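The structure appears right after this line, and notes come after that.
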Amino acid sequence: MANISNEVRNYFKLDLLISRACLTLRNLFITRYSLFNNGQIWIDSAVHGNNYLTNVISKNKKINLTPLQKKTVDNGNTNEWDISTLTAILLYSYRPQTLNTNEIQKLDQEDLRINKLRELRSKVAHNSSKSIDTTEFNQLWNDLSTILVTFGDIDTELDKLKDDSVFESPKQTINEENKKEALLLNSLGTQAHKDGKYSEAIKFFTQAVVLPSVSDQDRATFFSNMAASRVSLYKQHLYTVDNSEAGDITKELDRALKDAKQARKLWETWWKAHFGVGKVYAILDYHDKAINSFERALALDPTKSEIQKALDESRIIVHRNSRQEYLDPQENWKIIPENLNELKEKFGLDPEIVRKDRSLLELIDPSAADVMKGHQFARGNIDVIQDYEQAAKYFAKAANAGNAEGMCNLALLFDKGLGVKKDHKVAREWFEKAAAQPEEHPRIKGMRNIGVAESEYALRVRYFEGISILKDLSFAAYWYRRATDHGNAMATNSLGAMYLDGLAVDKNLEKGEELHELAAKRGDPVAMMTLAEMRLSKNDFEMARIWYDRACESGNIVAQRDRDKFIKTLEARQKNSPAVLKAMKIATNYVLSFQSKYSASVASEHLYLKDYEMLCGYAKRGSITAKNICRALEHFAQALNILLFCETLTEEQENIFVHELSQCYRIEQIVAQIPAHMHKKVSNIIQRVLSRCKNESNFIVSQLDEDVRVCYATLNINSYGIIEEFVELCKQKYPKSVYFFLTSGAVHGFRRQSDTGLYNINNGLEIEPENYELLYHKAVLLRHIGRDMNEAITAYQKFIKIAPKDHRKIPEAYYEMAQCLKDFAPDAGMRWIQDCYKEGKQAEKLQLPCFLPYKSDNIAFIQPIIDMIEPNFNVEPD
């Protein structure tokens, strides 16, 4: 480890600490197994493992294990269960009803620590560079060691793992005779492997590893070599004609993985041990796990090109699988006649005219002729046999002449190893050269320079996945934007996905949807299918069907495969649409009979239910605010109908009621106008569901638990003291739920604790920077704090920029900005106050009818200044 940086050392020290946690969790599992099974003792055996897999894992949908993890459980040896397997089993196993209160509380406390341990382990494991700076290392170490000590580990023993001496070879008593014999057996095994006698090699390595008093590093070498021989034996049998032993030979990969892991355990800092584990995972098609092992190997020895190549290959496969490129017709080259016929079928283009156009281009640009010949050899033509080597020669000739399309296609051949030796680094270099070419064809004005946008997209993939270059999401976004601007459909689709997920860009759902629609219009079959699903989620059934059919027609095999399922879902939703209207009518008529008698938690007396059809009309014309209110009303109507038609609710009905009401609260809580006489019934339902969730476990997260907490907090929003404490617990349990941060900020604002409220709103904005509800509350709290009105005004301006133009708080934001200047700089901002007032009045004209006439308490405070500036100034609504 002498040449390894401190940051990489830090990573492997934490990895050792996490490995130690596995032992702690195994002991905890054995203890719980006995507690949950009337004192029965767990025995590491295939019988116990198979019974547990069949009777516990398979019947529990919450325990989601991979096929490989299920196989290790089935084997029954808990020493082989990784930390992900153990944490999933411990957290989600069903508890018997016979547990007493003390046992439940003890389990809850343990689950809290296990959850934290899982989060910390995930943070370390997903560090692609496998390097951690000292500050982060100390924090992670303290958090992990604290958990382990509470589980009974000894802190002085843990501290030993923190010392660099853990990377040195342990002091062992070596038997020289055994060492000499083991090295001889290893040499014989190595030679047998070279001679292709893999079974014989395995026998030699097996004899070597069992000899006692041999150093751990030597034994690691033997296990590593044995794993390599098992892999080669598997491949040898796989490609032979006689596969009579095929059933047994597949077990060689399992044995190879076990041997490779043993080598890694014996010599944690040997790059080859991690590399060996990665190679077996890659053959088993577990490329995510392979990537993790290859990253470790590369961190230990960055000079090994074979590691980088293997890492690149697995990352490319993961990317292609994520886009399902192996099913994408655009990713599979067709012979040129097939291509021309497809153009004729889709666009009515005569193949002969297309050929003549290409011939004309070849006369204008000689390098285009080489590109065309390259395509003929790459794809095959009427009189040309497919030959990738010849294709590479012609593409290279065009590339060297400065042709972007030639560069891009040559890069693709290097990327896939067709006609040339596979080399992802060389592929990237050619993509970079192609991307640097002008967007417009150098010889034909107005024509797109083919190969530029395609290469920009390919470079994005490299930076996004870290293929042959350091992973960098910001650079990936940069290349996506460039490729999108230059018309690449796949890049447009992927950039849209980045906006939807908030990867390297500020999360923006509207922008993401716009980009998916643009990608679909540009012809990307994946985007067409995604857009169809988006349209279906918004009940836009006509466009959902149109885009799904287009995805099928464009050759999207996944869309074609799942078409019946999609149409069935669409038709069910369509049938449900009248049911929603019926539920809306029933709810409206019922609430109308109790108008002006709503629960205290509702701020508005306007009955939004009766505006549903009018709002649907605005939604269809593009109003985002109307769409949101309609969605909220639909959820509220469904919740209200459950109460109206069921005198006594089952647990399932209570759960559905809570979910529908929580969805309404999340989208737009002002429409949830619960009649006052039903408030107690609603409160009792929420209390019962909350109690059920707490009894199951106060620390296990679930959708139902989060939903009922949203309902409880909103329904009791006026009980500031109770809700303030309650929401604090919700934030700890659901740290990614912005609703609780928004509620907490609002409650602290009501209590004139503006600084604390602002702290919570800012925490929410770290999760969703573009959340305009949070941005509005931030501006209000900054105004109340009053330290920096410029900051408050900036916050209002950002809210106005991001929120829909008909959002009900837009006019108020303008009036509140005017208030900022009236109170803190009246002389300097007279004209600006007037401008804000005018903008507010104009914004009122864009409001939905249900928010008119517009009511604002701030106008009364700024009206005197407006009258003083311009006595005759008066803006009447249209």
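The values are calculated or read from the model by the stated rules, or taken from the named source; none is laboratory data. None of the values given here were measured: they were computed from a predicted structure. Because the Cβ atoms are built from the backbone with ideal geometry, glycine has one as well, and the counts that use them run over all protein chains shown.
Values as computed for the structure displayed
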{"read-out": "Criterion violated by residue 143 - all others in (1) charged (D, E, K, R); (2) under 23 Å from residue 294 (Cα atoms); (3) surrounded by fewer than 17 Cβ atoms within 10 Å (Cβ to Cβ) satisfied", "value": "(2)"}
{"read-out": "When residues of segment 732-756 are limited to those that are surrounded by fewer than 19 Cβ atoms within 10 Å (Cβ to Cβ) and not polar (S, T, N, Q), the one nearest to the chain's Cα centre (by Cα)", "value": "736"}
{"read-out": "Answer residue from segment 508-547, given it is within 29 Å of residue 766 (Cα to Cα) and assigned to a loop (DSSP other than H, G, I, E, B) and is modelled with the lowest pLDDT among those", "value": "538"}
{"read-out": "The lone exception for residue 551 - which of (1) buried (at least 23 other Cβ atoms within 10 Å of the Cβ); (2) assigned to a loop (DSSP other than H, G, I, E, B); (3) of a type in the set (Gly, Ala, Ser) it fails", "value": "(2)"}
{"read-out": "Among the residues listed as 759, 796, the single one being among the aromatic types (Phe, Trp, Tyr) and surrounded by fewer than 24 Cβ atoms within 10 Å (Cβ to Cβ)", "value": "759"}
{"read-out": "Of the criteria (1) in a helix (DSSP H, G or I); (2) touching a helix residue (DSSP H, G or I) at 6+ places or on another chain (Cβ under 7 Å), which one residue 419 fails", "value": "(1)"}
{"read-out": "Residues of segment 763-788 classified as more than 20 Å from residue 816 (Cα to Cα), in contact with a helix residue (DSSP H, G or I) (Cβ under 7 Å, 6 or more places away or on another chain) and not charged (D, E, K, R), total", "value": "4"}
{"read-out": "Matching option when the condition is assigned by TED's automatic domain parsing to the domain that holds residue 92, on the phi < 0 side of the Ramachandran plot and crowded, with 17+ Cβ neighbours inside 10 Å, among 64, 10", "value": "10"}
{"read-out": "Hits in segment 666-678 - residues which are more than 25 Å from the chain's Cα centre (by Cα), under 17 Å from residue 708 (Cα atoms) and not in a loop (DSSP other than H, G, I, E, B)", "value": "668, 669"}
{"read-out": "Matching entry among 816, 812 (being touching a Lys or Arg at 6+ places or on another chain (Cβ under 9 Å), touching a residue at least 40 places away in the same chain (Cβ under 8 Å) and closer than 25 Å to residue 864 by Cα)", "value": "816"}
{"read-out": "Those residues of segment 61-98 which are polar (S, T, N, Q) and within 24 Å of the chain's Cα centre (by Cα), in sequence order", "value": "64, 66, 69, 84, 85, 87"}
{"read-out": "Every residue from segment 679-696 that is surrounded by 18 or more Cβ atoms within 10 Å (Cβ to Cβ) and within 33 Å of the chain's Cα centre (by Cα)", "value": "686, 689, 690, 693"}
{"read-out": "Residue that is in a loop (DSSP other than H, G, I, E, B) and either at pLDDT 85 or above or within 19 Å of the chain's Cα centre (by Cα) (or both), where the choices are 122, 128", "value": "128"}
{"read-out": "Any chance residue 39 is of a type outside the set (Val, Ile, Thr) and on the phi > 0 side of the Ramachandran plot", "value": "yes"}
{"read-out": "Tally, over segment 1-32, of residues that are among the aromatic types (Phe, Trp, Tyr) and either within 19 Å of residue 261 (Cα to Cα) or without any contact (Cβ under 8 Å) to a residue 12 or more places away in the chain (or both)", "value": "2"}
{"read-out": "Subset of segment 554-595 that is over 30 Å from residue 661 (Cβ atoms) and either at pLDDT below 75 or among the hydrophobic types (A, V, I, L, M, F, W, C) (or both) - its residue that is surrounded by the most Cβ atoms within 10 Å (Cβ to Cβ)", "value": "559"}
{"read-out": "Residue in segment 700-721 that is among the small types (Gly, Ala, Ser), at pLDDT 85 or above, in a helix (DSSP H, G or I) and touching an Asp or Glu at 6+ places or on another chain (Cβ under 8 Å) present", "value": "no"}
{"read-out": "Selection count, segment 376-411, where residues are surrounded by fewer than 23 Cβ atoms within 10 Å (Cβ to Cβ) and either at pLDDT below 90 or touching a Phe, Trp or Tyr at 6+ places or on another chain (Cβ under 7 Å) (or both)", "value": "13"}
{"read-out": "Within segment 72-93, considering residues that are in a loop (DSSP other than H, G, I, E, B) and without any contact (Cβ under 8 Å) to a residue 40 or more places away in the chain, the one surrounded by the most Cβ atoms within 10 Å (Cβ to Cβ)", "value": "76"}
{"read-out": "Any hit, segment 202-222, residues being assigned to a helix (DSSP H, G or I), assigned by TED's automatic domain parsing to the domain that holds residue 274 and at pLDDT below 90", "value": "no"}
{"read-out": "Close pairs from segment 733-755: first farther than 30 Å from residue 114 by Cβ, partner among the aromatic types (Phe, Trp, Tyr), Cβ under 9 Å, at least 6 apart", "value": "745/759; 747/720; 748/720; 748/759; 750/720; 751/720"}
{"read-out": "Residue satisfying all of: in segment 467-525; of a type in the set (Ser, Thr, Tyr) and farther than 30 Å from residue 298 by Cβ; surrounded by the most Cβ atoms within 10 Å (Cβ to Cβ) among these", "value": "492"}
{"read-out": "Unique match (being of a type in the set (Val, Ile, Thr) and at pLDDT 90 or above) among 785, 800", "value": "800"}
